[in-house]
Amino acid sequence: MTTIDLATPAEALPPRRNRVWAKLRRNVAAMAGVVIVGFFVMVALLAPVLPISGPAETDWGAVRKPPSTAHWLGTDEIGRDILSRMIWGARASLLAGVVSVAIAMAIGIPLGVLAGYAKGWSDAIIGRVTEALLAAPFLILAIALAAFLGPSLTNAMIAIGLSAVPIFIRIARGQTLNVLTEDYIESARAVGLGHGAIIWRYVLPNITPPLLVQATLTVAAAIIAEASLSFLGLGQQPPAPSWGAMLNTAKAFMEQAPWMAFWPGIAIFLVVLGFNLLGDGLRDALDPRDT
């Protein structure tokens, strides 16, 4: 007798994370983003153990020297090794990007879900505040908050995170409203599930993919914002290295030592490009319509 495989569709399909990874792996641009981001993350994590000089060590006999075997990326205006400062500056930029987005998500997602689920007066209040914050450009709002809090990397991360909160409120609210129209929500209410259980079991899992994509793209924007704040003197403070602060110093030596501006500029470009490519790839991979 011939046996028939009675596996359900859920059993026949691979796990969702495997399908997402398979689609992401087929996307050449997304994998390029993974490589770029992975490289910078690895460099930042290995900074304390790499055989390089300290980012604040000076060599007065090698002031503004071009790239050489002794200093692969050259030296700055007081003889500090640019390669060392680039590597340690990567830690500040990536930390600012990740922590800022974590702050924005921690505040924005609960408020967005509350506004979309509860509706009524809570939606009206949160919506009006969100619209008021969105009226100000992201970077301008971050600069204003950083100036109010004071110049430091910690305050810069807080300022960037608070400036990104409205983005996550808007997305979380819109996605929550979409999920609440699904039949399984009515079924969950019919069997007596409470509001907390519905949000935890059904709303949050279904709004996570678009929020994850937005978080990846916002990291790129946060890195640019941190570099901008450091360039203006509102972020990482000297002598601690920061790509934005390095650009600020380099602007006075563009003719004598152009490499001082080239390396931090290309690093900011590459890491932002990497996160944007990764975010675009995640958006395609997590799209349920793309089978």
* Within region 174-283, which helices (runs of 4 or more DSSP H) (wholly inside it) include 2 or more residues that are more than 30 Å from Ile78 (Cβ to Cβ)? -> 183-190, 195-198, 204-231
* Regarding Arg64, is this residue buried (at least 22 other Cβ atoms within 10 Å of the Cβ), more than 17 Å from Ile160 (Cα to Cα) and not polar (S, T, N, Q)? -> no
* Asked: In the set Ala227, Ala215, Ala240, which member is closer than 22 Å to Ile266 by Cβ and either at pLDDT 95 or above or touching a Phe, Trp or Tyr at 6+ places or on another chain (Cβ under 7 Å) (or both)?
  -> Ala227
* Within region 48-105, tally of residues that are outside any loop (DSSP other than H, G, I, E, B) and hydroxyl-bearing (Ser, Thr, Tyr) -> 4
* Does Arg26 count as under 11 Å from Ala285 (Cβ atoms), out of contact with any helix residue (DSSP H, G or I) (no Cβ under 6 Å at 6 or more places or on another chain) and modelled with pLDDT under 85? -> no
* Quick check, is Ala245 hydrophobic (A, V, I, L, M, F, W, C), within 21 Å of the chain's Cα centre (by Cα) and buried (at least 24 other Cβ atoms within 10 Å of the Cβ)? -> yes
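The values are calculated or read from the model by the stated rules, or taken from the named source; none is laboratory data. No experiment lies behind these values; they were computed from the predicted model shown. Because the Cβ atoms are built from the backbone with ideal geometry, glycine has one as well, and the counts that use them run over all protein chains shown.
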